[in-house]
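What follows is a set of notes on a single structure, which appears directly below.
The values are calculated or read from the model by the stated rules, or taken from the named source; none is laboratory data. Keep in mind it's a predicted model, so treat the numbers as computed, not measured. Methodologically, a virtual Cβ is constructed for each residue, glycine included, from the backbone with ideal geometry; neighbour enumeration extends over all protein chains shown.
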Ligand SMILES: [Zn+2]
Ligand SMILES: [Zn+2]
């Protein structure tokens, strides 16, 4: 009885093996065509995610700064700008030589600016620092990087 059962099952044991053989021969056929298709495959180029999202990067630490957050510094005379994720990062940035990026100032008011530190009257040779907080834009102006960094060091408007 027992022997008969085993014999009856044997065809089922052998079947997977022949399936495997079919699979393997199929894989070999695929592999034969593979090198050709690879050599002619176009090189994929991915878009820069930062450019797509239009996010600025902190000029000091490189972290992404969203449009409604952080600080933007502009120097109208030199048509250059910098971005800070938070005010504290304007301090080492200024002390280490103030590396600007090219970029025009967003169009703004007529000029009756005074330095937020020394209260001197300012013309085009100045720095605007604009805080982005949600919809709000809060601007301060400085006679130079020195006063921007000293103002930032002492906590800005919230000293
Ligand atoms: Zn930063
Ligand atoms: Zn000043």
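Comparison of 64, 56, 98 shows that the only residue that is over 19 Å from residue 144 (Cα atoms) and modelled with pLDDT of 95 or more is 64. Looking only at region 68-92, count how many residues are surrounded by fewer than 20 Cβ atoms within 10 Å (Cβ to Cβ), under 15 Å from the mean Cα position of the chain (by Cα) and without any contact (Cβ under 8 Å) to a residue 40 or more places away in the chain. Result for region 68-92: 0.
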